[in-house]
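*Asks:* The structure is given below, and queries will be raised subsequently.
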Amino acid sequence: MSNLKVQTVKPFVPAKEFEVSLAFYLALGWHALFNENGIAELALEGNSFFLQDYYVKAWANNSMLYVNVEDASAWHEHVSSVLDLRNYGAARTKAPELQEYGDLVTHVWDPCGVLLHFAQRMKK
């Protein structure tokens, strides 16, 4: 019998200007597990993804990461303060909103348009 156990699943995230996107994620609190030849593995609280120096507008504008957090409002404040300290191109955030499905979500767009959902479960 084959062992089909999965260890992790890690998405690849595009970067139009790799160094700007890398600096943005580092400022938000991710740390680089490695960064070589236009690819960096970024980790936060034991979760990670690959940031790559590759960009296709349609892909970036349709990419999303769901980040389950304890406090979506705190994340909005944190991201806002990061954006106030430095210009990260098109990066921006939107105040938390309660979604129909019950999560309080702070939306954050990274420098190339990838949408991050910092989502706090409100219903159990």
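The values are calculated or read from the model by the stated rules, or taken from the named source; none is laboratory data. Keep in mind that what you see is a predicted model, and the values were worked out from it rather than measured. So basically every Cβ, Gly included, is an ideal-geometry build from the backbone, and we count neighbours across all protein chains shown.
Residue-wise test of (1) assigned to a helix (DSSP H, G or I); (2) loosely packed, with under 15 Cβ neighbours inside 10 Å; (3) touching a residue at least 60 places away in the same chain (Cβ under 8 Å).
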site: Val9; (1), (2), (3): no, yes, no
site: Leu33; (1), (2), (3): no, yes, no
site: Ala40; (1), (2), (3): no, no, no
site: Ser81; (1), (2), (3): yes, yes, no
site: His117; (1), (2), (3): no, no, no
site: Gln120; (1), (2), (3): no, no, no
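*Asks:* I would also like to ask the following. Can you spot a residue in region 60-69 that is touching a Gly at 6+ places or on another chain (Cβ under 6 Å) and in a helix (DSSP H, G or I)?
*Replies:* In the first step, residues of region 60-69 are kept if they are touching a Gly at 6+ places or on another chain (Cβ under 6 Å); the result is 60-61.
Then keep just the ones that are in a helix (DSSP H, G or I); that gives 60-61.
The answer is yes; a qualifying residue exists.
*Asks:* Another question about this same structure. Looking at region 42-60, which of its residues are among the charged types (D, E, K, R), touching a residue at least 12 places away in the same chain (Cβ under 8 Å) and surrounded by fewer than 14 Cβ atoms within 10 Å (Cβ to Cβ)? Before the answer, list the steps.
*Replies:* Of the residues in region 42-60, the ones among the charged types (D, E, K, R) are 45, 53, 57.
Adding the requirement that they be touching a residue at least 12 places away in the same chain (Cβ under 8 Å) leaves 53, 57.
Selection gives Lys57 alone.
*Asks:* Would you please name the residue that is farthest from the chain's Cα centre (by Cα), looking only at residues in region 6-44 that are modelled with pLDDT under 95 and not hydroxyl-bearing (Ser, Thr, Tyr)? Reasoning before the result, please.
*Replies:* Start the filter on region 6-44 by keeping residues that are modelled with pLDDT under 95, which leaves 6-9.
Narrowing further to those that are not hydroxyl-bearing (Ser, Thr, Tyr): 6-7, 9.
Details: Val6: 22, Gln7: 21, Val9: 15 Å.
In this case the residue turns out to be Val6.
*Asks:* Please enumerate the residues belonging to region 54-113 that are among the basic types (Lys, Arg) and touching a Phe, Trp or Tyr at 6+ places or on another chain (Cβ under 8 Å).
*Replies:* The first filter runs over region 54-113 and keeps only residues among the basic types (Lys, Arg), leaving 57, 86, 92, 94.
Within region 54-113, Arg92 is the sole residue that qualifies.
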